[in-house]
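Report on the following structure.
Every read-out reported here was derived from the displayed coordinates using simple, explicitly stated rules and does not represent laboratory data. All figures in this text were calculated on a predicted structure; none of them were measured in a lab. With ideal geometry, Cβ positions are generated from the backbone for all residues, glycine too; neighbour counts draw on all protein chains shown.
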Amino acid sequence: MKAIFLIGYMGSGKSTLGKALAQRCDIRFIDLDDYIEERAGKKIREIFAEDGEAAFRDLERRMLLEVSDMDNVLVACGGGTPCFGDNMELMNSRGITVLLQTSHERLFERLKRGRHKRPLIASLTDEELDGFITEQLARRMVHYGKSAEVFDSTLLEDENQVETKCEAFIDRFNLPRKK
Ligand code: S3P
């Protein structure tokens, strides 16, 4: 099977959906942020704080090159992965890119809860976060818009919704189920 790259804004459900798919499918799952942290031996927020964003993007690119060479793999990218260098072109040449699309309201709710581990938004107030999402998402759509496929990921709030979305994803992209 060709590699599948889950892309989309922070909080769009790339890791949630990816992990749930990996439990049900005979496929290798890689969360690119986890992969980077393992290789760097430190957390993303430490990389940003100690080495800066440019160093993080460089590492992200190198790790993406590694994983995009693998077969039968499902990769949950970071929210910024498609937006630097020719990462989007690389992913489109190696596999299928799927943009997870979520309403602004859902992104805001999820990121309010999960902002502490995300250096780009960790220090923002709720109001600033709301505006930041609108602005950055608009800028990032230039890159996200190059995805081969779009999949709605607004409803991933409980186990039942995750299950329903997983089934829809497996059927649509013909993922091999675990025996
Ligand atoms: C980032 C998103 C994060 C992580 C890093 C930068 C971004 O991943 O890669 O904090 O630029 O949007 P998630 O999308 O999994 O939060």
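Brief remarks on what is shown
- The chain: calculated mean residue ellipticity at 222 nm from DSSP helix runs of at least 4, using -39500 (n - 2.57): -16500 deg cm²/dmol
- Entry note: the chain has Rg to Rh equal to 0.94, where both radii use alpha-carbon atoms and Rh is the Kirkwood radius.
- Spin-label model, Met70/Ala168: points 7 Å from Cα along the beta carbon direction are separated by 2.7 nm.
- Sorted into 5 angstrom bins from 0, the C-alpha pair distances of region 110-179 split as 3, 13, 15, 16, 19, 17, 10, 4, 2, 0 percent.
- Rg/Rg_ref, region 59-118, where Rg_ref = 2.2 N^0.38 Å and atoms are Cα: 1.29
- Counted charge near Ile44, where neighbours are those whose Cβ lies closer than 9 Å (Asp, Glu -1; Lys, Arg +1): +2
- In terms of distances greater than 22 angstrom between alpha carbons, the cross-link table entries Lys43/Lys165; Lys14/Lys146; Lys42/Lys178; Lys2/Lys43 yield Lys43/Lys165; Lys42/Lys178; Lys2/Lys43.
- Under the simplified labelling scheme, the Asp158-Ser93 pair shows an inter-label distance of 4.6 nm, with each label point 7 Å from Cα along Cα→Cβ.
- The ratio of the alpha-carbon radius of gyration of region 60-165 to the globular-protein estimate 2.2 N^0.38 Å is 1.15.
- One decimal place: the segment Glu149-Ala122 gains 6.7 nm when fully extended, by the rule 0.36 nm per residue minus the C-alpha distance.
- Viscosity 0.890 mPa s, 25 °C: Kirkwood-radius Stokes-Einstein D of region 21-92 over Cα pairs, µm²/s: 192
- Note on the chain: with a GNM built from Cα contacts shorter than 10 Å, the maximum mean-square fluctuation among Thr164, Thr81, Thr102 falls on Thr164.
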